[in-house]
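The structure appears below as structure tokens.
The values are calculated or read from the model by the stated rules, or taken from the named source; none is laboratory data. The model shown is predicted, which means the values in this text are computed figures rather than measured ones. So basically every Cβ, Gly included, is an ideal-geometry build from the backbone, and we count neighbours across all protein chains shown.
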Amino acid sequence: MKRELTPNEIKFDISIDKNIEKSNNVPEYEDAFAKIKRALKITKEGYNLYLVDSFSKNKLKDLINFIEDEYKDLDPPKDICYVTLEDENKPEAIFVANGKGKKLKETVSNIKKSYLDVIDDFYSDSTNDEKDFLVEEVENKRNDYLNELIKMAKDEGFEVKATSKGFAFLPLNSEEETMTEKEYDSLEDNHKDIIVSKAGNLKKRAETILEELRDIELKSIRRLKKLYTKFLSNKMEEIKDDALLEFITDDDSYEYLERLFTCIEQDIVECYTMSIEDDENEIYRILNKYDVKVIVDNSNNFAPPVIYEEDPNLNNLIGTVEYENHNGMYVTNISLISAGAILKANEGCLILRLNSLIMNSLSYYYLEKILLSNKVTIDSNKSLVEFININGLKPKPIPIKVKVILIGDYDSYDILYNSDEDFRKLFPLRTEIPDIVEITEASINTLKNRIKQKMKQEEISKINDDAVSEIIKYLCRKASSRENILMEDYTLDKLLQLTEIYVKEKGEYVITREDVMKIAYEEEFIEKEFIKMYKKGKILITLAGEKVGSVNGLAVLDTGYYSFGRPIRITCVAYKGTGRIVDIQKESNLSGKIHEKSISILRGLLSSLLNAYENIPVDFHISFEQTYGIVDGDSASIAEIIALLSALSKYKVKQNIAVTGSVNQFGEVQAIGGVSEKIEGFYKVCKIMDTIENKGVLIPTSNRDELIILPEVEEAIINNKFHIYTMENLNDAIEVLMLDEGQTLEMFYEDIKKELKKYSTK
């Protein structure tokens, strides 16, 4: 039955209270944050959260604030330090009580200074009788053996000269001076042989003496080392006690300091040779190799941290080991290690955007690897310096405990969940902060507060209540529903910023409804060009009278960043055949799969309507005129079936009414998308090509709750210059588009039967 919507049914407006309430109790948001809260409370590994959300800075801020509020009563995180012990190229990770990492580094530095003082005391101490005796004994023995060697050599006519390899014996001349090469060469061979023989004997004797001296020194040094060890232990006892007492409740630090004292003393004692000049460089080398690097300082974090990493490349995510060029050799040390976001978020929460993570493919791989092992390895070989001659570190892995929230869309989650087994294990929890929510007092108040907040942040001009109402209306339109509203920050931001500029250009200081409408509904260049083509007759369309086999359908052209509606002419011709529907779009490879499906549905619907027991003796050629791209979707299927029936029955179709809607095999009309844009598109073409009286559109009844149309179109409907009709089934469409006053559906189908007989008998 023909049904026309009244102006009251079409007009849409939202009235707002003047008082802005601070309410964020949007049910959809509450549900999402309740799930986030539950996810944060799960301490078992692997229960990370995937958050379906359109990213914005304000939403991110709200999320961080929410998590920080949940964490506020929890224990603060520990500092993370890398320390060196036995192997300086393999630093170990330790966890230090919150804020005490710097204290540990300071303590270790003081310990090393204390050792230097104590070492200097030992070498220079003259009050230790036992040490002095041993040192003196060794020196006396050394002098005795050397004197004996010198005397022996002199008796044999040689001078002794010390070398790096031991002793050299130089023959003397008759004047007891070192023989020159010329003097030696002038000697007779038998005399030379005697000199060589004596020198060989002296060397053998020297080796014996040196061996005896070495044994004496070793025995003495062993005894001295025992004294040295005892000396170090006694002198450092108080310093050790103080240091250990400072970290007595900190297991990792306490254990590290105990090992540190042991390692330092062992290394220091081991290098002892009695000579400070010989030992000095080695002592400094030993002490310098022991160090502490605080890679995560949580002294300013009084609760578990919440970290958002904007650019999760490998270095920012995991950490780095930097290098310094020392004479062409790239070297590094513990001080050049830095932590990434995962370590900084340890014991807390790390927030990442999937898009940013995927842009760094290695980061995605290593994130999964880290979450599966619960360990972070800062590998120097991940950087480009692996291709250079380097002296690298191999820091030991750091155990972590972190909750990861990954922000992305549904499609990405579906792909990863179904294709990546590890992702499925690591992100079993999912929730959504929807952009589209139900219109309630809470959601309206929330939106009003957002507008107020953005205006304050961006120093935007004042805005009156009518303008706020229009913004809300626009956001409902973007949500394609009278019952829902779009809460996307980007769309709201863009509208406010552009409107602000427009108002300032006019030299005004208050945003009005008209200002919002000007920006929100401004036509872009592509739409204006299409309108021009209709006006100049480059796109053929008939808006008056009636035609057989020609229907004005409605389509939406969507560029992704802008969409608008436009009428499209759908035509059909019928001729004797076997019941085929020839889709010219498909024949030209310009038909999408959904459109092909709709054609098949029409074939079944047509058969059931006309003659379910016999083949239809008619073929139909159907075409979307002047359409050169891919046609997809089924929103034109009701227009297509009307064109088929018109071509068959010879009933004319009213050209002043455009139609959109999907039809199923039972002839029921189904909802379609973009209904408001489609209506406006037809109105605009009518406006520039013809008078708009009696023009209108036919839409599915189920799309009534989506009608949020431009004020100009609303005004035309109120003035009875434009009409919106609704349909529930195919018969409603036939009645509106093809039947004149006095004609009935029975008459229409009877006339079709007559036409079918003509095709059968010819």
Inspect the range 730-753 for any residue being without any contact (Cβ under 8 Å) to a residue 60 or more places away in the chain, touching a strand residue (DSSP E or B) at 6+ places or on another chain (Cβ under 6 Å) and farther than 21 Å from Glu483 by Cβ and give the result as yes or no. no
Selected residue [closer than 19 Å to Val404 by Cβ, among the acidic types (Asp, Glu) and touching a residue at least 12 places away in the same chain (Cβ under 8 Å)] from Asp53, Asp73, Asp62: Asp53
Evaluate the following for Leu698: is it in contact with a Ser or Thr (Cβ under 8 Å, 6 or more places away or on another chain) and more than 20 Å from Glu483 (Cα to Cα)? yes
Out of (1) assigned by TED's automatic domain parsing to the domain that holds Ile111; (2) in contact (Cβ under 8 Å) with a residue 40 or more places away in the chain, the one Val294 does not meet is (1)
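Of the residues that make up the range 39-55, is at least one in a helix (DSSP H, G or I), modelled with pLDDT of 90 or more and either surrounded by fewer than 14 Cβ atoms within 10 Å (Cβ to Cβ) or in contact with a Cys (Cβ under 9 Å, 6 or more places away or on another chain) (or both)? First the steps, then the outcome.
Step one: of the range 39-55, the residues in a helix (DSSP H, G or I) are 39-41.
Okay, now just the ones that are also modelled with pLDDT of 90 or more, so 39-41.
From the residues that got through so far, the ones that are either surrounded by fewer than 14 Cβ atoms within 10 Å (Cβ to Cβ) or in contact with a Cys (Cβ under 9 Å, 6 or more places away or on another chain) (or both) too are 40-41.
Yes, that holds for at least one residue.
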Kindly establish whether Leu426 is of a type in the set (A, V, I, L, M), closer than 28 Å to Phe66 by Cα and surrounded by 16 or more Cβ atoms within 10 Å (Cβ to Cβ). yes
Kindly indicate which of Tyr502, Tyr521, Tyr490, Tyr509 is in contact with a strand residue (DSSP E or B) (Cβ under 7 Å, 6 or more places away or on another chain) and surrounded by fewer than 17 Cβ atoms within 10 Å (Cβ to Cβ). Tyr509
Single unsatisfied condition, Leu475 versus (1) more than 25 Å from Leu60 (Cα to Cα); (2) buried (at least 21 other Cβ atoms within 10 Å of the Cβ): (1)
All but one of (1) under 27 Å from Arg482 (Cα atoms); (2) more than 46 Å from the chain's Cα centre (by Cα) hold for Val675; state the number of the condition that does not hold. (2)
Taking the stated definitions as given, is Ile119 at pLDDT 75 or above and surrounded by fewer than 17 Cβ atoms within 10 Å (Cβ to Cβ)? no
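Can you say whether Pro7 is surrounded by 16 or more Cβ atoms within 10 Å (Cβ to Cβ) and at pLDDT 90 or above, as far as the supplied structure shows?
Values: surrounded by 16 or more Cβ atoms within 10 Å (Cβ to Cβ): no; at pLDDT 90 or above: yes.
Against the criterion (surrounded by 16 or more Cβ atoms within 10 Å (Cβ to Cβ) and at pLDDT 90 or above), Pro7 does not qualify.
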Residue count, the range 542-573 (criterion: among the hydrophobic types (A, V, I, L, M, F, W, C) and crowded, with 21+ Cβ neighbours inside 10 Å): 7
Do we find a residue being touching a residue at least 60 places away in the same chain (Cβ under 8 Å), surrounded by fewer than 20 Cβ atoms within 10 Å (Cβ to Cβ), basic (Lys, Arg) and under 22 Å from Tyr82 (Cα atoms) anywhere in the range 272-285? no
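So that you can scan it fast, the table gives a plain yes or no per residue for (1) farther than 23 Å from Asn48 by Cα; (2) surrounded by 23 or more Cβ atoms within 10 Å (Cβ to Cβ); (3) touching a strand residue (DSSP E or B) at 6+ places or on another chain (Cβ under 7 Å); (4) acidic (Asp, Glu):
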residue: Asp311; (1), (2), (3), (4): no, no, no, yes
residue: Ile318; (1), (2), (3), (4): no, yes, yes, no
residue: Asn327; (1), (2), (3), (4): yes, no, no, no
residue: Val331; (1), (2), (3), (4): yes, no, yes, no
residue: Ile342; (1), (2), (3), (4): no, yes, yes, no
residue: Ala345; (1), (2), (3), (4): no, yes, yes, no
residue: Leu352; (1), (2), (3), (4): no, yes, yes, no
Residues being in contact (Cβ under 8 Å) with a residue 60 or more places away in the chain, under 14 Å from His621 (Cβ atoms) and either surrounded by 15 or more Cβ atoms within 10 Å (Cβ to Cβ) or under 49 Å from the mean Cα position of the chain (by Cα) (or both): count how many of those fall in the range 574-603. 3
Note: among Lys494, Lys518, Lys528, Lys504, just one is part of a helix (DSSP H, G or I) and modelled with pLDDT under 90, namely Lys528
Filter result (over 22 Å from Lys758 (Cβ atoms) and among the aliphatic types (A, V, I, L, M)) within the range 576-601: Ile584, Leu590, Ile594, Ile599, Ile601
Take the range 126-167 and flag every residue that is at pLDDT 75 or above, loosely packed, with under 15 Cβ neighbours inside 10 Å and not in a helix (DSSP H, G or I). Lys161
Restricting attention to the range 693-715, and to residues there that are without any contact (Cβ under 8 Å) to a residue 40 or more places away in the chain and surrounded by fewer than 22 Cβ atoms within 10 Å (Cβ to Cβ), which single residue is nearest to Asn8 (Cα to Cα)? Glu715
Search result, residues across the range 634-662 that are closer than 22 Å to Tyr534 by Cβ, in a loop (DSSP other than H, G, I, E, B) and within 46 Å of the chain's Cα centre (by Cα): Ser635, Ala636, Thr660
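Only helices (runs of 4 or more DSSP H) wholly contained in the range 293-388 count here; list those with 2 or more residues that are out of contact with any helix residue (DSSP H, G or I) (no Cβ under 7 Å at 6 or more places or on another chain) and at pLDDT 90 or above.
Working: elements: 314-318, 341-344, 354-359, 361-373.
Filter on the range 293-388 gives 341-344, 354-359, 361-373.
For Glu28, are the conditions met, namely being surrounded by 15 or more Cβ atoms within 10 Å (Cβ to Cβ), modelled with pLDDT under 95, within 30 Å of Asn288 (Cβ to Cβ) and among the acidic types (Asp, Glu)? So that I can check it myself, show each step before the final result.
Details: surrounded by 15 or more Cβ atoms within 10 Å (Cβ to Cβ): yes; modelled with pLDDT under 95: yes; within 30 Å of Asn288 (Cβ to Cβ): no; among the acidic types (Asp, Glu): yes.
Here the answer is no, as Glu28 does not meet what is asked.
If you take just the strands (runs of 3 or more DSSP E) that sit entirely in the range 548-627, which of them hold at least 3 residues that are over 14 Å from Ile641 (Cα atoms)? Steps first, please.
Numbers: elements: 550-558, 563-576, 581-583, 618-624.
Result: 550-558, 563-576.
Hey, which of the helices (runs of 4 or more DSSP H) in the range 665-761, taking only ones fully inside, have at least 3 residues that are touching a Lys or Arg at 6+ places or on another chain (Cβ under 7 Å)? I'd like the intermediate steps shown before the answer.
Numbers: elements: 675-689, 711-718, 730-737, 745-761.
Where helices (runs of 4 or more DSSP H) fall fully within the range 665-761 and carry at least 3 residues being touching a Lys or Arg at 6+ places or on another chain (Cβ under 7 Å), they are 675-689, 730-737.
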